1. What relative contact order, as a whole-number percentage, does region 52-105 give when Cα pairs under 8 Å and 6 or more residues apart are counted?
2. Highest mean first, how do 89-102, 69-82 rank when packing is the count of other Cβ atoms within 10 Å averaged over residues?
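Every number in this text was worked out from the coordinates using simple rules, so none of it is lab data. Owing to the predicted nature of the structure, the values given are computational and were not obtained by experimental measurement. Note: ideal-geometry Cβ built from the backbone for every residue, glycine included; neighbour counts use all protein chains shown.
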Amino acid sequence: MSNTLTILASIARVSPRMTLSKALLLASEINADLPSATEPVKYPMPRNSTSPSDAGKWVAQQPAVMNLLQGGQYIQAIKEVRSLANLGLREAKDAVDYARSNLYKG
């Protein structure tokens, strides 16, 4: 929803005479083409290796998880990893710990 509002504000600045219904239609078309921040990256986590470093590298490439970590929502990030990668609690926690440690290093 916030993407749509941002797009509507941009349309209003560029074309102030456009009707609201046309602007909403255009915003929804643009918004449909934008990737969602909660969508996982197209390539899956490597299944043959469940080491914390491999899983952590995968986690670091997931925008939804990294946004949660940067916002301080550690437990929510673990839940998100479990749902995206179908991992157990321990594996997801290790992966998030690895990604979090590298987040603060770099």
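1. On the way: 48 pairs, mean separation 24.9, N = 54.
Once divided by the residue count of region 52-105, the mean separation gives 46 percent.
2. Values: 89-102: 18.9, 69-82: 16.9.
Going from most to least packed, we get 89-102, 69-82.
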